[in-house]
Amino acid sequence: MKPGKIRPIAICVFQKDDRILVAEGYDRVKQQRFYRPLGGTIEFGESSSHTIIRELQEEIGAKVINTRYLTTLENIFTYQGELGHEIVLIFSGEFADKSIYETPQLEGCEDNGEAFIAVWKSLADFSDGQTPLYPTGLLELLNDK
């Protein structure tokens, strides 16, 4: 996050039955685990749909097909004690390699070298309000589908 800057990102919802693939995150200040679909920053001159394809290839080595734009959400949040502001373009998509849907956990790497874990979680896991799914509003969007 760059302080005082709005970050445009694109994320992709990969769904199998009632499960979605999400990256685990942890906010040390809030002492809270949270989840977010995979994706990343839209680079200058890059379409948001290409961002999805590039980011998933870079982060987990997966080829993405059949991307479809769903909506845009504005996400204003606090992470590690810092204010963040994102414009989030949300897509659905599919993995070309169908075995990914049966892999319970995937290891990934951010462009800054930070490792992360992506897991398949049921949408019901987020309904208690104790386990956040970001960006805010995404759970409601997916439950309305």
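Bear in mind these aren't lab numbers, they're just calculated from the coordinates by the rules spelled out. Note that the structure is a prediction, hence the values are computed from the model and not measured. In this analysis, Cβ positions are derived from the backbone assuming ideal geometry, glycine residues included, and neighbour counts consider all displayed protein chains.
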- prompt: Within the set of pairs 6+ apart or on separate chains, which have a first residue in the stretch 64-76 that is closer than 19 Å to PRO8 by Cβ, a second that is of a type in the set (S, T, N, Q) and part of a strand (DSSP E or B), and C-beta atoms under 9 Å apart?
  reply: THR67/SER92; ARG68/SER92; TYR69/SER92; LEU70/SER92
- line: Picked from the stretch 104-145 (must be among the hydroxyl-bearing types (Ser, Thr, Tyr) and in contact with a strand residue (DSSP E or B) (Cβ under 8 Å, 6 or more places away or on another chain)), the residue nearest to TYR79 (Cα to Cα) is TYR134
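So which residues in the stretch 114-145 are of a type in the set (Gly, Ala, Ser) and out of contact with any helix residue (DSSP H, G or I) (no Cβ under 9 Å at 6 or more places or on another chain), if there are any at all?
Correct list: ALA115, SER122, ALA124, GLY129, GLY137.
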query: How many residues are among the acidic types (Asp, Glu) and under 15 Å from THR131 (Cα atoms) if we restrict to the stretch 12-44?
result: 2
message: If GLY113 meets every condition in (1) in a loop (DSSP other than H, G, I, E, B); (2) small (Gly, Ala, Ser); (3) crowded, with 18+ Cβ neighbours inside 10 Å apart from one, which number is that one?
response: (3)
field: Leading residue by the ranking (surrounded by the most Cβ atoms within 10 Å (Cβ to Cβ)) among those in the stretch 51-92 that are farther than 18 Å from ARG7 by Cα and of a type in the set (Asp, Glu)
entry: GLU59
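Residue by residue, here is whether (1) β-branched (Val, Ile, Thr); (2) closer than 13 Å to PHE34 by Cβ holds:
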residue	(1), (2)
THR103	yes, no
LEU106	no, no
CYS109	no, no
GLY113	no, no
LYS121	no, yes
LEU138	no, yes
ASP144	no, no
- prompt: Does PHE34 count as surrounded by fewer than 14 Cβ atoms within 10 Å (Cβ to Cβ) and under 24 Å from LYS5 (Cα atoms)?
  reply: no
Selection from the stretch 102-145 of residues that are over 12 Å from the mean Cα position of the chain (by Cα) and hydroxyl-bearing (Ser, Thr, Tyr): THR103, SER122, SER127, THR131
